Amino acid sequence: MSNYSIYQENVKADILNLIEVMECLPILFIGSGISKRYFEAPNWDELLTIMADQNPFCRQYAYYKQNYIKKSSIGSQIAKEYSDWAWGDGNDFFDKSLYSEDYKLDVFLKYKIAEYLKGITPSEIEEVASKHQKELKLLQQISPHAIITTNYDTFLQMLFPEYEAIIGQQILRTQYQSIGEIFKIHGCVSSMKDIILTEEDYDEFIKRKKYLTAKLLTYFLEHPIFIFGYSVTDSNIKAILSDIDEILVTEGELVPNIFLVEYRKNIDENANYPSERLINLENGKSLRIKTIVAKDFDWIYETMATDCPIEKVNPKLLRALLSRTYELIRTDVPRRTVEIDYAELRSALHDKSEIGKIYGITTLTNPSAFNLSYPYSLTDVGKAIGYNNWHSANDLIEEIKRKDGVCIKESDNKYHIAIMNGDTLVARKYSEEMVSLLKKVKNNEPYNVEL
């Protein structure tokens, strides 16, 4: 077996272990490298080079790179030159509705960007080069909890049609954390006015970034994160990790649930490739995350999809359930727009087996597969014993295994239960006894494991 084959096997084992321990669906963070891989879409600089070449009022793109430090400044200057062209000799090249005081001057550049990207983005997988179609079908099988992207194009919406695109300011108006969403944090060609391109756009983005950071922090704490299509020097990745690094881990520690997938055009089967990467952040600090070096992504996608804790979820159905729950609690019950049997609700508070009846989803093929005596996920256990993550709690479980030779997760017991659907592991849940046990281990107090 070659060095790279051994590397692949180690990476696969690490991914499977992470998904099993965290017991939830992964989050995908997708950059322009994915669009370039599958349909040769341009990156940011290449896109503006194309735009500059199409406008007779613009200089060669190298001029802007020499004269402006920030990319957003280049975007602002080219946007102005597009406005000059549109209001002059270029009148016939733009939609007449854009000539309105309701739009900012950057609308003409954004219009052309949207027009160009719509023209090159595949409308179905079959339009992608045949060599990539297997990869894309494996990618679809992952069923991620959510997707976060800075890409403008609609390629991800095509791949995941059951997912809802949340674009621009919509992110601020999302009232509940939902599954099955594509967060287009830099806008989308389907709503060109929301594309973040100029200095003014980025200034406005930074003002409202606190809410986005809070939402992303929840994801980064509770889910496996896989980053595709970004380089280690990408400013977007650095900005987001800089906002949340102090919450993820103490300085110098490895963040165990973030994988950065690094594309290499040529893989040397006999070379040794890194499994960790130090990312230099904007605030002068650094962060250690896991890295996967690969030319082909099929084996990564396949591994991520193999051990999903939920078997082929329906994002639309789960979003509808979450939305209805939110509306029920926030609006319908306080306003008395629905009839509520409060006696039944009080009963449900004391008997959790009754809660499912309110939703009408309690019928199970195998009722013993789910025991409500185990209310905690591993993340919940970690928080209950004073951590802000799952992996510190898992470290204590591993400590018990090393010291006492007892693997609590190998069987159903008073501390832990594995919820199965046939032969497939759906989730792991933990009891109050587990919380009590791990508190003792953490505090170096005497304990006794009774399986």
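Every read-out reported here was derived from the displayed coordinates using simple, explicitly stated rules and does not represent laboratory data. Keep in mind it's a predicted model, so treat the numbers as computed, not measured. Cβ: placed from backbone, ideal geometry, glycine included. Neighbour counts: every protein chain shown.
Numbers at a glance
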| quantity | calculated |
| --- | --- |
| All-pairs alpha carbon distance profile, the range 44-120, 10 Å steps from 0, percent | 19, 54, 25, 2 |
| Paramagnetic label zone (point 7 Å from Cα along Cα-to-C-beta, residue 100; backbone N under 16 Å) in the range 188-202 | 191-194 |
| When each of 118/290; 137/414; 110/215; 71/193; 36/429; 12/65 is checked by Cα-Cα distance, pairs over 30 Å | 118/290; 137/414; 36/429; 12/65 |
| Karplus (6.51, -1.76, 1.60) ³J(HN,Hα), θ = phi - 60°, over the range 398-411, in Hz, Gly and Pro reported as x | 5, 5, 4, 4, 5, 7, 10, x, 10, 9, 4, 7, 6, 9 |
| Surrounding net charge for residue 125, when Lys and Arg each add one and Asp and Glu each subtract one, Cβ distance under 11 Å | -2 |
| Extension reserve of the residue 158-residue 443 stretch, reckoned as 0.36 nm per residue once the Cα distance is removed | 97.5 nm |
| Using a Förster distance of 25 Å, the FRET efficiency for residue 115-residue 282 (Cβ separation, nearest 0.05) | 0.15 |
| Sequence ranges 255-265, 25-35, ranked by mean other-Cβ count within 10 angstrom, highest first | 25-35, 255-265 |
| Cα→Cβ-extended label distance, 7 Å offset, between residue 53 and residue 124, nm | 3.1 nm |
| Highest-first arrangement of 375-386, 81-92, where packing means the average Cβ count within 10 Å | 375-386, 81-92 |
